[in-house]
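Heads up, the thing below is written out as structure tokens.
The values are calculated or read from the model by the stated rules, or taken from the named source; none is laboratory data. Note that this is a predicted model, so its numbers are computed, not measured. Counting neighbours? That spans all protein chains shown, and the Cβs are built from the backbone with ideal geometry, glycine included. For accessibility, only protein heavy atoms count, side chains too; no ligands or nucleic acids. Shrake-Rupley method; radii C 1.70, N 1.55, O 1.52, S 1.80 Å.
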Amino acid sequence: MSIELDCRGLACPAPVLETMKELQKMSAGTLTVLVDNPAARENVSKYATAQGCTVQSTEQNSGQYALTITKGSDGTEVAARQLLPSLNRTMPAPPQEVYLLTSDTLGRGDDTLGGVLVKSCLVCLVERQPRPKALLLLNAGVKLAVLESPVLEHLRRLEQQGTEIIACGTCLDYYGLQDQLAVGSVGNMYSILEMAAGHQTLTL
Amino acid sequence: MTPELALIQTLDFFTPLVDDPFLFGQIAAANALSDVYAMGGTPFTAMNIVMFPIADLEGEVLLRILAGGQSKVAEAGALLVGGHTIEDKEPKYGLSVTGLIAPDQVKTNAGARPGDALILTKALGTGLLMTAAKGGLFEEGVKAAQESMAALNKTAAECMRTFDVHACTDVTGFGLAGHLQEMTRASGVQAQIDSQKLPLLPHAAEAAALGLVPAGAYRNRSHCGQLHFADTVSVALQDVCFDPQTSGGLLIALPAAQAQKLVDALQMAGVCQAVQIGKITQAGGGQIHVD
């Protein structure tokens, strides 16, 4: 079966779209597409080749081209379709940060202010993109993760969103809080250091 | 103007490439503002340039275009101080922009040096995806392209300031190939690009393989005489290199030792597509090798 498709005078990407429609209707056979510029000649050839067809291009009168496209069996089309997904590349994900908190307040000078600051910091971390990879809690920092903590809801939110919360076990024991961890998991110095060293870590 | 202050002046406008008037305004404005960022400057004031078929399109459409433009000027921290409108068969919109810069901070495309790394801050493929959009194809890629075009290069320009940038240009109508060739020629160097590192918008390479390649890409290909592709680089990826970009990212040349830190800083600041795509290899007449 042989069909002729006149795409002369059509603006890009109409020649490809018209060829697409015709090839989809055909089961097997020959389609001749007429175009009047080199860009259309290249584009229709690319499309047909990507569909597993063979393409032959002939220049007719000056600036006009006839593309003879032969659509074969289903085997060649499947091979072509498998090629295309490999061209689609996943974008690199932005790096995730790890935060090390060594106290239940932020900064020195006034502890009441420090408590306000740590809460405000955690609120911001909940919203920030990309999500923090982990929060590491050392010394009084473990107090942030226990039952009575005023920032527990923010830590739980972070954990729900995928941030790992690791509280130092030695510190929990020291403060007598080993049974009161309400979010995250117990880690030791080794696991905490491994997480910190393996990522971009900010100490607050 | 003074030893500490210089003015940058630029303008750009074009016809709609998306259906939504507000988005069109945003993209056209972001595109016009980009030149200021590429030079390392800060946009200061802007004026609207408008052509509009008031007899055929509702005034509301024009208001939406202008609102889109205004939103980007405001985001840039600049002031929209007026503009000019004339009647025309086809709508067109853009800005004339004045920017400020310290004279010793001006970045051109002419300072790239052998050993420099090349960083690109936005993914490629807007031309391909806008062509795909005309056929209603690759919706996800088209949406990503629209967001990318509407994004200002403001954050990228600000990150650049704390680094020792040798050359910078924005990637627009001549495609990555064309703008990189301008840089290598002006700088008297050669460059090498790793095609596997190129950031691609979703489905851009597929669109190229399917022949959804805009005519501008073929023009760019014929003008870039000094680009050489390794045999392993697919024709689709080659087409991406020549794909004319609208409101593309910044192409930055800086010492290789600072490259990773700049990429990290850009990504941390939200410029998630930023990546090192290659390097300046040696002195030369502008040749570019793509592997």
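Go through region B:115-137 and give me each residue that's farther than 18 Å from B:THR246 by Cα and open to solvent by 20 Å² or more (accessible area, probe 1.4 Å).
B:GLY115, B:GLY135, B:GLY136, B:LEU137
Mind checking whether some residue in region B:157-172 is open to solvent by 10 Å² or more (accessible area, probe 1.4 Å), over 26 Å from B:GLN105 (Cα atoms) and within 14 Å of chain A (Cβ to nearest Cβ)?
No, there is no match, as no residue in region B:157-172 is open to solvent by 10 Å² or more (accessible area, probe 1.4 Å), over 26 Å from B:GLN105 (Cα atoms) and within 14 Å of chain A (Cβ to nearest Cβ).
The conditions are (1) under 18 Å from B:ASN153 (Cβ atoms); (2) open to solvent by 30 Å² or more (accessible area, probe 1.4 Å), and B:VAL61 fails exactly one of them. Which is it?
Answer for B:VAL61: the failing condition is (1).
Scan region B:178-209 residue by residue and report those that are outside any strand (DSSP E or B), closer than 13 Å to B:ILE119 by Cβ and open to solvent by less than 30 Å² (accessible area, probe 1.4 Å).
Looking only at region B:178-209, we keep the residues that are outside any strand (DSSP E or B), and these are B:178-188, B:194-199, B:201-209.
Of the ones still in play, those that are also closer than 13 Å to B:ILE119 by Cβ are B:180, B:183, B:194, B:197-199.
If the condition is that a residue be outside any strand (DSSP E or B), closer than 13 Å to B:ILE119 by Cβ and open to solvent by less than 30 Å² (accessible area, probe 1.4 Å), then B:LEU180, B:MET183, B:LEU198, B:PRO199 are the ones that fit.
Of these, A:ALA40, A:ALA14, which one is surrounded by fewer than 16 Cβ atoms within 10 Å (Cβ to Cβ) and modelled with pLDDT of 90 or more?
Working: A:ALA40 fails: surrounded by fewer than 16 Cβ atoms within 10 Å (Cβ to Cβ).
None of the others qualify; the one that does is A:ALA14.
Can you find a residue in region B:249-256 that is within 14 Å of chain A (Cβ to nearest Cβ), part of a loop (DSSP other than H, G, I, E, B) and crowded, with 19+ Cβ neighbours inside 10 Å? Break it down stepwise before answering.
Looking only at region B:249-256, we keep the residues that are within 14 Å of chain A (Cβ to nearest Cβ), and these are B:249.
When the remaining residues are screened for being part of a loop (DSSP other than H, G, I, E, B), the result is B:249.
Add one more test, that the residue is crowded, with 19+ Cβ neighbours inside 10 Å, and what stays is B:249.
Checked against the condition, which is being within 14 Å of chain A (Cβ to nearest Cβ), part of a loop (DSSP other than H, G, I, E, B) and crowded, with 19+ Cβ neighbours inside 10 Å, region B:249-256 yields at least one hit.
Given the options B:ASP291, B:ASP239, B:ASP231, name the one that is among the charged types (D, E, K, R), more than 8 Å from every other protein chain (Cβ to nearest Cβ), open to solvent by less than 40 Å² (accessible area, probe 1.4 Å) and out of contact with any strand residue (DSSP E or B) (no Cβ under 6 Å at 6 or more places or on another chain). Quick ask: steps written out before the conclusion?
Values: B:ASP291 fails: open to solvent by less than 40 Å² (accessible area, probe 1.4 Å); B:ASP231 fails: open to solvent by less than 40 Å² (accessible area, probe 1.4 Å).
Being among the charged types (D, E, K, R), more than 8 Å from every other protein chain (Cβ to nearest Cβ), open to solvent by less than 40 Å² (accessible area, probe 1.4 Å) and out of contact with any strand residue (DSSP E or B) (no Cβ under 6 Å at 6 or more places or on another chain) holds for just one of B:ASP291, B:ASP239, B:ASP231, which is B:ASP239.
Taking region B:259-285 as the region of interest, how many residues are among the β-branched types (Val, Ile, Thr) and within 21 Å of A:GLU97 (Cβ to Cβ)? Spell out the reasoning first.
At the first step, the residues of region B:259-285 found to be among the β-branched types (Val, Ile, Thr) are B:263, B:271, B:275, B:277, B:280-281.
So of that shortlist, the ones also within 21 Å of A:GLU97 (Cβ to Cβ) come out as B:263, B:271, B:275.
Adding up the residues that qualify gives 3.
Condition first: in a helix (DSSP H, G or I) and in contact (Cβ under 8 Å) with a residue 12 or more places away in the chain. Now tell me which residues in region A:14-37 satisfy that. Working first, answer last.
Filtering region A:14-37 down to residues in a helix (DSSP H, G or I) leaves A:14-25.
Those that are in a helix (DSSP H, G or I) and in contact (Cβ under 8 Å) with a residue 12 or more places away in the chain: A:PRO15, A:VAL16, A:GLU18, A:THR19, A:MET20, A:GLU22, A:LEU23.
Take the residues of region B:235-291 that are charged (D, E, K, R) and under 25 Å from B:ARG161 (Cα atoms): which is modelled with the lowest pLDDT? Give the derivation first.
Start the filter on region B:235-291 by keeping residues that are charged (D, E, K, R), which leaves B:239, B:243, B:261, B:264, B:279, B:291.
This time we only want the ones that are under 25 Å from B:ARG161 (Cα atoms), so: B:261, B:264, B:279.
Values: B:LYS261: 93, B:ASP264: 90, B:LYS279: 97.
Only one residue tops the list, namely B:ASP264.
If a residue has to be assigned to a loop (DSSP other than H, G, I, E, B) and open to solvent by less than 70 Å² (accessible area, probe 1.4 Å) to count, how many in region A:1-11 make the cut?
Step one: list which residues in region A:1-11 are assigned to a loop (DSSP other than H, G, I, E, B), which gives A:1, A:7-11.
Now restrict to residues that are open to solvent by less than 70 Å² (accessible area, probe 1.4 Å): A:7, A:9-10.
Summing the residues that are assigned to a loop (DSSP other than H, G, I, E, B) and open to solvent by less than 70 Å² (accessible area, probe 1.4 Å) in region A:1-11 gives 3.
Please go through region A:17-61 and give me each residue that is in contact with a Ser or Thr (Cβ under 7 Å, 6 or more places away or on another chain), polar (S, T, N, Q) and within 14 Å of chain B (Cβ to nearest Cβ), ordered by number.
A:SER45, A:SER57
If you go through region A:90-100 one residue at a time, do you hit one that is at pLDDT 90 or above, within 32 Å of the chain's Cα centre (by Cα) and under 30 Å from B:GLN196 (Cα atoms)? Lay out the reasoning, then the answer.
Step one: of region A:90-100, the residues at pLDDT 90 or above are A:98-100.
Next, only the ones that are within 32 Å of the chain's Cα centre (by Cα) stay: A:98-100.
Still in the list and also under 30 Å from B:GLN196 (Cα atoms): A:98.
Within region A:90-100, one or more residues are at pLDDT 90 or above, within 32 Å of the chain's Cα centre (by Cα) and under 30 Å from B:GLN196 (Cα atoms).
What's the total number of residues in region B:78-103 that are without any contact (Cβ under 8 Å) to a residue 40 or more places away in the chain and in a loop (DSSP other than H, G, I, E, B)?
Filtering region B:78-103 down to residues without any contact (Cβ under 8 Å) to a residue 40 or more places away in the chain leaves B:79-89.
Retained after the next criterion (residues that are in a loop (DSSP other than H, G, I, E, B)): B:88-89.
Total satisfying the criteria: 2.
Given the conditions (1) part of a loop (DSSP other than H, G, I, E, B); (2) buried (at least 21 other Cβ atoms within 10 Å of the Cβ), and given that B:GLY68 satisfies all but one, which numbered condition is not satisfied?
(1)
Working only within region A:93-119, note down all residues that are open to solvent by less than 60 Å² (accessible area, probe 1.4 Å), more than 13 Å from chain B (Cβ to nearest Cβ) and free of Cβ contacts under 8 Å to residues at least 60 places away in the same chain.
A:SER103, A:ASP104, A:THR105, A:GLY107, A:GLY114, A:GLY115
Return a yes/no flag: does region B:192-215 have any residue that is more than 14 Å from chain A (Cβ to nearest Cβ) and not hydrophobic (A, V, I, L, M, F, W, C).
There is at least one residue in region B:192-215 that is more than 14 Å from chain A (Cβ to nearest Cβ) and not hydrophobic (A, V, I, L, M, F, W, C).
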